[in-house]
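Colleague: Pasting in a structure now, in structure tokens, and then I'll have a few things to ask.
The values are calculated or read from the model by the stated rules, or taken from the named source; none is laboratory data. Please read these numbers as outputs of a predicted model, since none were measured by experiment. Backbone-built Cβ (ideal geometry, glycine too); neighbour counts: all protein chains shown. Accessible surface areas use protein heavy atoms only, side chains included; no ligands, DNA or RNA. Shrake-Rupley method; radii C 1.70, N 1.55, O 1.52, S 1.80 Å.
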Amino acid sequence: MKNNKNIYIETYGCQMNISDSEIVASILTNNGYHYTEDVLLADIIFVNTCSIRENAEDRVRKRLHYFKSLRKKNPGLVIGLLGCMADRTKTALMEEEQLLDLVAGPDSYRHLPQLLEQVGTGRRAIDTILSVDETYADITPVRLDSNGVSAFISIMRGCENYCSYCVVPSTRGQERSRDATTIVRETRDLFEKGYREITLLGQNVNSYSWKDADRIISFPDLLEQVAAVNPLMRIRFATSHPKDISNDLLQTIARNHNLCKAIHLPVQSGSNHMLDLMNRKYTREDYMERIEAIRNIIPGCAISTDIIAGFCDETVEDHRDTLSLMEWVGYDAAYMFKYSERPQTLAADTLADNIPEEVKDGRLREIIDLQQELSLASNKKEIGKTYEILVEGKSKRSDSQYFGRNSQNKVAVFTKTLSGPGEYVMVRITGVTSATLLGEVV
Ligand code: SAH
Ligand code: SF4
Ligand code: F3S
């Protein structure tokens, strides 16, 4: 079935999108296409897009204009848009700006070979219909841009939480879980290929639920099964929604050495007024109670978060509530954003995006500055401790050094040893920056 067409895929957005690109590469290489990492060799360019904030979409548009310019030298070049922008922007980008030959939404990737054939006959192709049951469960992803040590496994698709600011429920549709057997099989397969760390992906992994022949498999059940594949395989997951992270899950993590002691628990805001407008379904107090549960059940667990600055109606007091909560938790790491209004969200329909840009910028800056201090403080506590580090590869800074991570997901840099990527070494931490631990192998 070989055809001599080269496909190139560029990915924007979250880990889920990276995982999706690997599914796309698998579907296409199984249909005779060849995957290339060099855009100039491509016959077909796919851009797997993200809609989460306006600047994410702007970046994609710019890239599409560049790709369009490549058609001057390569008139047959096919440009396709995948992912979360597909449905929202297909008319504008395909018809008005003539940037695209093909558009496929997140649940349409099985149809890509047919859609490409359609383009081959001179017709444009669009398929952005969302599915209620597509999970690509049977598809073995082609690992792209891989270090051969860590990989993503998608365990769910879609989201039905309808946080008022968020575009994901509209771009990715209904929540659905993937067959647990296929997740365990994929984990085993990765282990046999030498991988030693997987990250299970879903927008809200705590609501994972799969009905087996005789029982319902919950997320903690799934974690137990995946952890049992091999004690040398580390397991991470993202993302947990604070409203349903259970003690059962925390106890499961505490019980299993290879379930990593790092929890990403996006808080978004420390103010109850904001949390209510955001439709997050928990209060500041609920969140603090969950943090205490993590600290009690999993001592030494790292905690990271996502924060949005300048959401609708946010007052200085609301903003201070966010800063004070950050300090109270003492986050090890955070992803911090300025609110960006998205079409087809509850907030866009019912709330005013009324915080001036410069105020948003100022608040975000304060949040970032505080997190920088918290990350440094968190890292300083590591000096003198010894951690089991999974080696990932050579350090960017120096050929004579390796880097890897501890269970808490902190990056450590240390002098090369005989043990290489995919192996575990014990490293004593001797120095830190706000981003990295520096250490020596013991
Ligand atoms: N499902 C995950 C998050 C997915 S999006 C969860 O619920 O945590 C990743 C992060 O992007 C969110 O946690 C939020 O902090 C941020 N985000 C989402 N929509 C946004 C918007 N409209 N403006 C700014 N940041 C946003
Ligand atoms: Fe968006 Fe909320 Fe779903 Fe996360 S849980 S993807 S923030 S709607
Ligand atoms: Fe991910 Fe962006 Fe879509 S964050 S789910 S690719 S909107």
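Colleague: As a test, work out the antiparallel percent of DSSP beta bridges whose residues both lie in the stretch 146-260, rounded to the nearest 5.
Modeller: Around 30 percent antiparallel, to the nearest 5.
Colleague: Can you give me the Cα centroid spacing of the stretch 373-432 and the stretch 1-35 in angstrom?
Modeller: 33
Colleague: How do 209-220, 173-184, 268-279 rank on mean C-beta neighbours within 10 Å, highest first?
Modeller: 268-279, 173-184, 209-220
Colleague: Within 12 Å, Cβ to Cβ, of E357, how many net charges do the neighbouring residues add up to if Lys/Arg are +1 and Asp/Glu are -1?
Modeller: Net charge in that neighbourhood comes out at -2.
Colleague: Same structure, new question: At q = 0.16 Å⁻¹, what is the base-10 log of I(q)/I(0) for the stretch 199-349 according to the Debye formula with one equal point scatterer per Cα and no solvent? Please give it to two decimals.
Modeller: Computed log10 I(q)/I(0) values: -0.91.
Colleague: Gaussian network model of the chain, Cα springs within a sub-10 Å range: biggest mean-square fluctuation belongs to which of E341, E95, E373?
Modeller: Largest GNM mean-square fluctuation: E95.
Colleague: For the chain, set up a Gaussian network in which alpha carbons nearer than 10 Å are linked by springs, and say which option among L418, L70, L41 fluctuates the most.
Modeller: L418
Colleague: For the chain, which semi-axes, largest first and in whole Å, follow from the square roots of 5 times the eigenvalues of its Cα gyration tensor?
Modeller: Calculated on Cα positions only, the semi-axes equal 35, 28, 22 Å.
Colleague: Same structure again: Estimate the FRET efficiency between Y424 and T140 by the formula 1/(1 + (r/R0)^6), using the beta-carbon distance for r and 30 Å for R0, to the nearest 0.05.
Modeller: 0.70
Colleague: Now, a different point. Can you compute the modelled spin-label distance between W328 and K281, with each label point 7 Å from Cα toward Cβ, in nm?
Modeller: Roughly 2.2 nm, to one decimal.
Colleague: I would also like to ask the following. Please work out the Cα center distance from the stretch 281-330 to the stretch 143-213, rounded to the nearest Å.
Modeller: Centre-to-centre distance over Cα atoms comes out at 25 Å.
Colleague: Same structure, new question: Given H placed 1.01 Å from N in the peptide plane, which residues other than close sequence neighbours of L437 have an amide H under 5 Å from its amide H?
Modeller: For L437, whose amide H was placed from the backbone, the distant partners under 5 Å are V411, A412, V413.
Colleague: Continuing with this model, one more query. Using a 1.4 angstrom probe on heavy atoms only, work out the carbon and sulfur share of the accessible area of the chain in %.
Modeller: It is 50 percent, rounded to a whole number.
Colleague: Highest mean first, what order results for 300-311, 239-250 on Cβ atoms within 10 Å?
Modeller: Sorting 300-311, 239-250 by mean packing, highest first, produces 300-311, 239-250.
Colleague: Return the Rg/Rh value of the stretch 146-260, two decimal places, where both radii are evaluated on C-alpha atoms and Rh is the Kirkwood radius.
Modeller: Rounded to two decimals, Rg over Rh is 0.97.
Colleague: Can you work out the Karplus-derived ³J(HN,Hα) for every residue in the stretch 330-345? Use 6.51 cos²θ - 1.76 cosθ + 1.60 with θ = phi - 60°, whole Hz, and x for glycine or proline.
Modeller: Values per residue, Gly and Pro as x: x, 4, 7, 7, 8, 9, 10, 9, 8, 4, 10, 5, 10, x, 6, 10 Hz.
Colleague: Kindly point out, ordered by number, any Cys in the chain whose beta-carbon has no other cysteine beta-carbon under 4.7 Å away.
Modeller: C14, C50, C84, C159, C260, C301, C312
Colleague: Out of all DSSP beta bridges with both ends in the chain, state the antiparallel percent to the nearest 5.
Modeller: Given both bridge residues lie in the chain, the antiparallel proportion sits at roughly 35 percent.
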